[in-house]
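For reference, the structure discussed in these notes is given below.
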Amino acid sequence: MHRILGIDLGGTKSAALVATDDGMVLGRVAAPTPASGDSLELFDFLSELAREALNESPGPIAGCGVSAGAPTDSSKGMVFAAPNLPGWGNDGFPLAERLGDALGRIPVRVENDADATAMAEHRYGAGRGTRTMAFLTIGTGVGSGLILDGRLHRGKIGAGGEIGHIAVDFENGRPCPCGLTGCLEAYASGHSVLRVARERGYVGPADGVSLANAARNGDPHARFAFDQAAEMLGRGLATMTMLLNPERIVLGTLAVHAGDLLLDRIRDTVAQNTWNRLGEGLEIVPAALGDRAQDLAAICAWQRPGAP
Ligand SMILES: [Zn+2]
């Protein structure tokens, strides 16, 4: 049995863990991610976190996967600046090579966290057994990853499958943090749902649980924001379904915590806007990994679908 080192690099906290190649975590350490925006400080922090995890679970390691909350070029092992992780710079940082050297020549692979989580849901979670699957995480933003014929789809520059930035409103599109207008994310992310509810007159607390409970209890502004998010998710997923004919669509975060407010409308909208032949066998389900998603994403950044 191989042992894998996984690193989950987040904007506010990070973790390093040692796991078996069937996803059992043997040891794990976590710490707040430094906020200084300095790439070397961030690199030293990750190296130290990895060493601590290795010291806790000594023994040989087959490889290291990094699931990064930032854009990556996994073919080159590069990580680039993100709003929450500005330290890597726009030219990127060769994290795979540098971390491999620092840890004694362990081979390292890096992946964007949405892609890595898509692989984790495919291998261990709600996407198990499928050949063609789409994953969306509906959190602060809308991240996504596509598994096509058992493998992560990357596209020319590694940015393929950005379903959250499919345009769903060409007429009066809301501005999206990415710079475009009318993107799915501008309606369906956790931030967007709250923003829409506030604009309509929602005055309750800003956290997602309170907003969802307000919608369940009949607050018309919260209800409108969730209905609109579900409608737009349905539109974007219908477009994606006609293009890719997936077996299953796995929806994380908001769709897990507020699935009762979203999933029926999403399924109806997809069904109305796709051919019956594509829609009938399509399953749209909540993500299954919960708290384990980030650890397993880091492991899958090393394993990659299709690999032994
Ligand atoms: Zn966008």
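Laid out as a table, the results:
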| item | result |
| --- | --- |
| Equivalent ellipsoid, segment 43-118 (semi-axes from 5 times Cα gyration tensor eigenvalues, Å) | 21, 13, 12 |
| Distance between modelled label sites at L40 and E280, nm, 7 Å Cα→Cβ extension | 6.4 nm |
| Contact order normalised by residue count of the chain, Cα under 8 Å, 6+ apart, percent | 19 percent |
| Once exposed loop chymotrypsin sites (Phe, Trp or Tyr not before Pro) are cut out (DSSP; at most 14 other Cβ, 10 Å), longest piece of the chain | 1-169 |
| Share of Cα-Cα pairs in segment 1-105 lying beyond 20 Å, as whole percent | 34 percent |
| 5 Å-binned pair-distance histogram of segment 175-274 (Cα, whole percent) | 2, 14, 24, 24, 19, 11, 5, 1, 0 |
| Selection of trypsin sites (Lys or Arg not before Pro), segment 114-198, meeting DSSP coil and at most 10 other Cβ within 10 Å | K156 |
| Mean projected area (nm²) of the alpha-carbon convex hull when the chain is viewed from all directions | 15.7 nm² |
| Low-density loop positions, GluC sites (Glu not before Pro), segment 230-290 - DSSP coil, at most 16 other Cβ in 10 Å | E247, E280 |
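Coordinate-derived values only; no laboratory data. These numbers come from a predicted model, not from an experiment. Neighbour counts run over all protein chains shown; Cβ positions are idealised from the backbone, glycine included.
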